[in-house]
1. What residue among A:Thr113, A:Leu209, B:Tyr44 has its Cα farthest toward the positive end of the dipole of the protein assembly as shown, where the charges are +1 on Lys, Arg and -1 on Asp, Glu, each on the Cβ?
2. List the relative contact order of chain A as a percent without decimals, with contacts defined as Cα pairs under 8 Å and 6+ residues apart.
3. Could you state the angle between the C-alpha long axis of helix A:42-59 and the longest principal axis of the C-alpha atoms of chain A, as a value from 0 to 90 degrees rounded to the nearest 10?
4. Between A:His37 and A:Ile148, what FRET efficiency follows from the Cβ-Cβ distance if R0 is 45 Å, with the result rounded to 0.05?
5. Test of understanding: what is the full-extension gain from B:Ala57 to B:Asp27, defined as 0.36 nm times their sequence separation minus their Cα-Cα distance?
6. Pick out, from A:Ser134, A:Pro95, A:Phe32, the residue whose Cα sits farthest towards the positive end of the charge dipole of chain A, with +1 on the Cβ of Lys and Arg and -1 on the Cβ of Asp and Glu.
7. May I ask you to derive the FRET efficiency for A:Asn4 and A:Gln224 from their Cβ-Cβ distance with R0 = 41 Å, giving the value to the nearest 0.05?
8. If you line up the long axis of helix A:70-86 against the longest principal axis of chain A, both from Cα atoms, how many degrees apart are they, to the nearest 10?
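The values are calculated or read from the model by the stated rules, or taken from the named source; none is laboratory data. These numbers were taken from a predicted model, which means no experiment stands behind them. Virtual Cβ from ideal backbone geometry, glycine too; neighbours counted across all protein chains shown. Please note that ligands, DNA and RNA were not included when accessible areas were found on the heavy atoms of the full protein model with its side chains. Shrake-Rupley method; radii C 1.70, N 1.55, O 1.52, S 1.80 Å.
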Amino acid sequence: MIPNLFEIFATPYLLKVPLMWLAVMAPAMIIFSPSQHLVTGRYILLKKWTMKQFIKQIMSPLPTHGYKWAALFTALMITLTSINMISLLPHTFTPTAQLALTMALAFPLWLATVVIGLLKKTTRSLAHFLPEGSPTPLIPALVVVETISLLIRPMALGVRLAANLTAGHLLLQLMALAVIHLPTPMWPATVAVATTLMLLTILEVAVGLIQAYVFVLLLSLYLQENI
Amino acid sequence: MASKLQVTKRLLDVKLQELPPWLAAWDYSPKGLLRAVHQAWRCYHNKYINMKKGGVAGISMVLAGGCVLGYICSYERLKHSRWRKYH
């Protein structure tokens, strides 16, 4: 019986009701619920400290008038991190492995940075099409290359996140299948594959965190160029 | 008026004969259901997660429940992969 490896990426249904919206919203709402009390406990304190460090790291290169983007970047980081972490649990759905979600996040945010740059600092935004110190004969080619580089950014942003998550989950699924289906006389191979599976799971945790951070970091860099 | 008084009673205070009118007095509109879910989560969060010296137990129970829900959702697909003598 050949299993369909991509079934794990199908939208979950409960009694014919699609649960995509729950899979996208629930992780952030569960992990990052606000506190009802004035004096908080350890958990909320840990979250506040993490978010403070993240905001300081991401927003420090931006000028003061760019700080209004802090709430958006923090919310984006919280959503992506929590979705990526929860999707590593067994039998859970991975919303960020869907190109629809990642492109829906990447394209409008990239477009916002470009439009802000063109509206507020037109000359400076257009100057990015030619790097400083470029040789004169190469100028036409460089302008074309930089334009393509600019236009490919939202696709790269969206596809990077989706591809990393998809590839990671697929690898985990394959190795888990190998561990289950290897025959008993081949137990050394099973032990080796199971050890690799454990190491790969740790790697996937790191990849989930890093990809979420890279997504937000790149957006802040694009904003830095245009603000 | 009587139904509103019955709604304010806690479940353990409701007598068996009063149970059907107590259940009927609940707000079953989408807004009411959402409010009920939000209140249930708030109570759970304040009791098990938002403690002074909280641990992993509170959030682990929620995640375990999420795994169970995920298993229920994907059972239709998984039942074909069970260990069988003949496929």
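1. Farthest towards the positive end: B:Tyr44.
2. On the way: 186 pairs, mean separation 65.7, N = 227.
Worked out over chain A, it gives 29 percent.
3. Helix A:42-59 sits roughly 40 degrees off the main axis of chain A.
4. On the way: r = 53 Å, r/R0 = 1.17.
Efficiency at R0 = 45 Å is approximately 0.30.
5. On the way: separation 30, 0.36 × 30 = 10.80 nm, distance 3.19 nm.
Length difference between fully extended and current span is 7.6 nm.
6. Sorting the options by dipole projection puts first A:Phe32.
7. Working: r = 43 Å, r/R0 = 1.06.
Approximately 0.40, to the nearest 0.05.
8. The angle comes out near 20 degrees.
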